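Heads up: the structure comes next, in structure tokens.
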Amino acid sequence: MISYNRFKYNGTDPDKQAGIMLGNIQNATQGWNYCYNNTVFLSKNGIILSAYGNYWKVKNNIIQSSTKYHIWAKGGSTAYPNREWDYNCFWWDGVNKFNFAGTESNISLWRTATNQDLNSLVYGNVFASELRLAADSDCINSGTPVGLTEDADGDPIVGNPDIGYDEYTN
Ligand SMILES: [Ca+2]
Ligand SMILES: [Ca+2]
């Protein structure tokens, strides 16, 4: 499980490809893998999903790539028969930042191509300092319960989980 992490990077190092790279999980006996409640804010790709990155549940993540892709799924349309990607929150700046098997798309085309992220949000700016949620963030209480009870700081989850690494507290 990859959960409640904050990834921040604005450099140009070519060896740094993505905040999170989800690898080859190809059969049910290995079980599901989970990527929950992370905040990824960087100049590189947000999440790269390998061509065989099957059996991944990707939920409650904030993903903001300034110059690359929010999600780059390298496999073809039938590569991920078992997947649950939803309740994530993506930055929208007018540029197509989803890449599904080489096709660049916006959130609408991404949903059509994958049938995923149907409850995910698109936002302009949700952050206060240190990538914590602003008081008026749409990400507050917009996540889905995934069985986790506290955030990166040890704060309890109140109501529905907030999206990202930090449960908002006022
Ligand atoms: Ca909450
Ligand atoms: Ca907190």
Q) Is it the case that segment 105-121 has a residue that's part of a strand (DSSP E or B), closer than 16 Å to I2 by Cα and more than 16 Å from ligand 2 (Cβ to nearest atom)? A) no
Q | Condition met for P156 (closer than 14 Å to Y4 by Cβ, modelled with pLDDT of 95 or more, over 16 Å from the mean Cα position of the chain (by Cα) and within 12 Å of ligand 2 (Cβ to nearest atom)) | A | yes
Q.
Here is a check on your reading of the model: is I107 touching a strand residue (DSSP E or B) at 6+ places or on another chain (Cβ under 9 Å), within 16 Å of ligand 1 (Cβ to nearest atom) and in contact (Cβ under 8 Å) with a residue 12 or more places away in the chain?
A. no
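Can you tell me which residue among V146, V126 is within 16 Å of the chain's Cα centre (by Cα), of a type in the set (A, V, I, L, M, F, W, C), within 15 Å of ligand 1 (Cβ to nearest atom) and at pLDDT below 90?
On the way: V146 fails: at pLDDT below 90.
After ruling out the rest, the residue left standing is V126.
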(Q) Step by step: first the residues of segment 47-67, then only those that are surrounded by fewer than 22 Cβ atoms within 10 Å (Cβ to Cβ) and of a type in the set (A, V, I, L, M), then the one that is nearest to E150 (Cα to Cα). Which residue is that? (A) I48
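Go through segment 150-164 and report how many residues are assigned to a loop (DSSP other than H, G, I, E, B) and either within 12 Å of ligand 1 (Cβ to nearest atom) or closer than 16 Å to L121 by Cβ (or both).
Of segment 150-164, the ones assigned to a loop (DSSP other than H, G, I, E, B) are 151-155, 157-164.
The next check asks that each one be either within 12 Å of ligand 1 (Cβ to nearest atom) or closer than 16 Å to L121 by Cβ (or both); those that pass are 151, 155, 157-164.
Matching residues across segment 150-164 total 10.
Residues to consider are K44, K16; find the one that is over 18 Å from D166 (Cα atoms) and either buried (at least 16 other Cβ atoms within 10 Å of the Cβ) or in contact (Cβ under 8 Å) with a residue 60 or more places away in the chain (or both).
On the way: K16 fails: either buried (at least 16 other Cβ atoms within 10 Å of the Cβ) or in contact (Cβ under 8 Å) with a residue 60 or more places away in the chain (or both).
Result: K44 is the single residue among K44, K16 that is over 18 Å from D166 (Cα atoms) and either buried (at least 16 other Cβ atoms within 10 Å of the Cβ) or in contact (Cβ under 8 Å) with a residue 60 or more places away in the chain (or both).
Which of the residues that make up segment 60-102 are touching a His at 6+ places or on another chain (Cβ under 8 Å) and not charged (D, E, K, R)?
If the condition is that a residue be touching a His at 6+ places or on another chain (Cβ under 8 Å) and not charged (D, E, K, R), then I63, Q64, F90, W91, F98 are the ones that fit.
The values are calculated or read from the model by the stated rules, or taken from the named source; none is laboratory data. Since this is a predicted model, take the numbers as computed values, not measurements. As a convention, Cβ positions derive from the backbone with ideal geometry for all residues, glycine included, and neighbour counts pool all protein chains shown.
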